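Here the structure comes first, spelled out in structure tokens, and everything after it is commentary.
The values are calculated or read from the model by the stated rules, or taken from the named source; none is laboratory data. The model shown is predicted, which means the values in this text are computed figures rather than measured ones. Glycine also receives a Cβ, built like all others from the backbone with ideal geometry; neighbour counts cover every protein chain displayed.
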Amino acid sequence: MSQTETERTVFVQNISAETTEKSLRKCFSRFGKVLSASLCRKKAPTKTTATGFVVFEDAEDAKKCLSKQPSKKTALVDENSAVTLDGKELFVLPAFSKEETKKQNSRNLHLLEVGTVFSGSAAEEKTPEDVLKLRRKIEDNKRKKIKNTSVYVSETRLSVHNIPYSVDEKELKKVFQKAGENKPKQVKVVRRDEDKKRPHCGFGFVEFLKHDSALRALKKLNNNPDVLQSKTRLVVGFALENKVAVKERQTRLSGMKQGAETNTGHGDVKHRK
């Protein structure tokens, strides 16, 4: 796939088993002229969704699609800018060439901009200025951190900013469980012990066991004013992880586990007569 064709192509996830290449092409033609639409189905009895590629004639139309800006009004795009087809919300991501994919895959760089509110998009027009400033600050920070080759984008862990101080882990877990259609593995809101006036710092992390659940939650909750009673727009994106820090954490947890097992073993020996 040439660089030009890559720029004109989008990768689509969560496609219904009922969707055909013809209906997929018709769906995305709302964003511009589509040259081709192809489906990739895995031969598995439990597989109910597929993935696919859509190639546009113009790279600008692919950009419109990624920022959910249809060239004309359509029922396929809801008020939260979600593209739906055959009862499924489609997850649209940038496509990469084979060479780029090899470089990107190990660090999941294709997930870096998922959830970004692009400049000039319809989503930007609806977003309050203070939230846009926070988003730009977070995005700039991500771009600086990702320059470190030890840093990668997690497929299952989400960073969540702009959390109202009245929302705790319990409520956040409930919101993400409903949106991700699966129970989160872990929900953590970052706190400062010394700051007693505020229960937390306004940001945290939510981790799922599966990538699809994390992506689904991100799509439904990111920049959506209707998910919290306060109408606050959460800033949700895939979290950055540091390979070195993750390895150290795993080593530490492994050591703690071995220590606990050793202590338990000693206890057992002690009671033997």
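A few comments on the model shown:
- With respect to the conditions (1) part of a helix (DSSP H, G or I); (2) closer than 22 Å to Val114 by Cα; (3) modelled with pLDDT of 90 or more; (4) of a type outside the set (A, V, I, L, M), Lys63 lacks only one, and its number is (3).
- Every pair of residues 6+ apart whose Cβ atoms lie under 7 Å, when the first sits in the range 233-260 and is under 26 Å from Val175 (Cβ atoms) while the second is among the aromatic types (Phe, Trp, Tyr) and at pLDDT 80 or above: Ala239/Phe205; Glu241/Tyr152
- Among the residues of the range 81-88, some residue qualifies, meaning at least one is within 18 Å of Leu215 (Cβ to Cβ) and either at pLDDT below 60 or assigned by TED's automatic domain parsing to the domain that holds Ser150 (or both).
- Within the range 1-39, the set of residues being under 25 Å from the mean Cα position of the chain (by Cα), closer than 18 Å to Glu60 by Cα, in a strand (DSSP E or B) and among the polar types (S, T, N, Q) comprises Thr9 only.
- Members of the range 206-226 found to be aliphatic (A, V, I, L, M) and surrounded by 19 or more Cβ atoms within 10 Å (Cβ to Cβ), listed by number: Val206, Ala214, Leu215, Ala217, Leu218, Leu221
- The set of residues in the range 95-135 being basic (Lys, Arg), modelled with pLDDT of 75 or more and more than 17 Å from the chain's Cα centre (by Cα) consists of Lys126, Lys133.
- Restricted to the range 1-15, and to residues there that are touching a Ser or Thr at 6+ places or on another chain (Cβ under 9 Å) and farther than 17 Å from Cys40 by Cα, the residue that is modelled with the highest pLDDT is Thr6.
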